[in-house]
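Structure first, commentary second.
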Amino acid sequence: MSMARPGRRGMGPLAVALEFVLVVGVVAAGITLRPGRADEFYTASMRGAEAVPAAEPAVRGASTGSYTWDCGRNERGHRNTANIVVTPGRPGPAHHVHDYIGNLGVQDDSTVDSLVGKPTTCTNGDASTYYWPVLRTGGADEGGHGGPALVPTAVTMTYLGNPRGRVLPMPRLLRAAVGDAYAHTNGGRNARVWWSCSDTPDRRTSKYPLCGDGAAVVRIFEFPSCWDGRRLDSPDHRQQVVFPARGGGCPVGTFAVPRLRITMTYAVPPGVRYRIDAFDGQRNDPATDHGFLVNLMPQKVMNRVVACLNEGRSCENGGSS
């Protein structure tokens, strides 16, 4: 393989030696760098990544419990280009595909209302839909849309409480969104991206981690949990449910509802590149990762969630400890 390229002529012996060491190290790590492309979106080590912040201390009588349930990991391959919250009733671009768990009724022409009464993958009868862009390895084209979609090895669904008080039930058909599909080109104000490796649970990064041997890639969504008490949706799909203020409490005029955390793990071979399906022009930037929920949890199950959280119990599919 020829190493010659413009700008290399006239390099001194020391510079050539340093370049050789860099190339050997990169090849040994199984990483192929492509300067000027998407390599700034990856990190090969979690050692210098941000520490996961400590949980906010809870006040007396606050909602400190948790509720975990199983909706599968999309083993059935329920995927399409629909976004029933943002563009209901019509398919999206062919290169932007979503993974769905929960409600099995989501098709390219679905609306929120059309999901009512459809079957679900959730073992507790939760008929809500939860969706996000698929994760792919490699990519057959410049945009990175051509690689195979990865099925998570695990998906953990957890509802958490609020450290400043009790939570209220989430209303039926409430929509909530985390992240921003256009964060790469609009300044990233709404970006909420967290990645890690299974062997560094105390560290997180906004880049794609290239995890070591035996470690899984971890993808985390933390949804907003302060509802305005009135709307099920809003023009930007964000105003009706917002994130807690500093300290964990809800902003004035909003009410705490169960806080959803979705954690996914993926078996990505060491050094292999992967990326989310992003819109054209967003360069598969991990800052554009995003997820949605539409609540169709039966009221009886939602009441059980709220009771677990407010009573400080740890519950799993309705059981508790």
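The values are calculated or read from the model by the stated rules, or taken from the named source; none is laboratory data. Source: prediction; values computed, not measured. We place every Cβ from the backbone using ideal geometry, glycine too, and count neighbours over all the protein chains shown.
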All-but-one check, Arg79 against (1) without any contact (Cβ under 8 Å) to a residue 24 or more places away in the chain; (2) among the basic types (Lys, Arg); (3) more than 20 Å from Leu232 (Cβ to Cβ), failing number (1)
Hey, which of the strands (runs of 3 or more DSSP E) in the stretch 82-138, taking only ones fully inside, have at least 3 residues that are within 20 Å of the chain's Cα centre (by Cα) and either closer than 21 Å to Asp236 by Cα or among the aromatic types (Phe, Trp, Tyr) (or both)? 129-133
Any idea which of (1) free of Cβ contacts under 8 Å to residues at least 60 places away in the same chain; (2) at negative phi is the one Gly187 doesn't satisfy? (2)
Surrounded by 15 or more Cβ atoms within 10 Å (Cβ to Cβ), touching a residue at least 24 places away in the same chain (Cβ under 8 Å) and within 29 Å of Asn80 (Cα to Cα): which single residue out of Arg175, Arg203, Arg164 fits that description? Arg175
Which of the numbered conditions does Met170 fail, given that it passes all the others? Conditions: (1) closer than 19 Å to Val294 by Cβ; (2) touching a Gly at 6+ places or on another chain (Cβ under 9 Å); (3) buried (at least 22 other Cβ atoms within 10 Å of the Cβ). (2)
Selection from the stretch 286-321 of residues that are of a type in the set (Lys, Arg) and part of a loop (DSSP other than H, G, I, E, B): Arg313
Of the residues Tyr100, Tyr131, Tyr67, which single one is in contact (Cβ under 8 Å) with a residue 12 or more places away in the chain, more than 30 Å from Pro251 (Cα to Cα), touching a Phe, Trp or Tyr at 6+ places or on another chain (Cβ under 6 Å) and not charged (D, E, K, R)? Tyr100
Criterion violated by Val193 - all others in (1) surrounded by fewer than 22 Cβ atoms within 10 Å (Cβ to Cβ); (2) modelled with pLDDT under 95 satisfied: (1)
Scan the stretch 271-306 residue by residue and report those that are over 23 Å from Thr120 (Cα atoms) and small (Gly, Ala, Ser). Gly271, Ala278, Gly281, Ala287
Is there any pair with a first residue in the stretch 39-60 that is farther than 16 Å from Gly161 by Cβ and a second that is part of a loop (DSSP other than H, G, I, E, B) and aliphatic (A, V, I, L, M) whose Cβ atoms are under 6 Å apart and which are 6 or more apart or on different chains, and what are they? Asp39/Leu33; Tyr42/Leu210; Ala44/Leu210
So, in the stretch 241-285, of the ones that are outside any loop (DSSP other than H, G, I, E, B) and more than 17 Å from Ala216 (Cα to Cα), which residue ends up farthest from the chain's Cα centre (by Cα)? Phe255
Pick from Glu75, Glu56: which is surrounded by fewer than 16 Cβ atoms within 10 Å (Cβ to Cβ) and at pLDDT below 95? Glu56
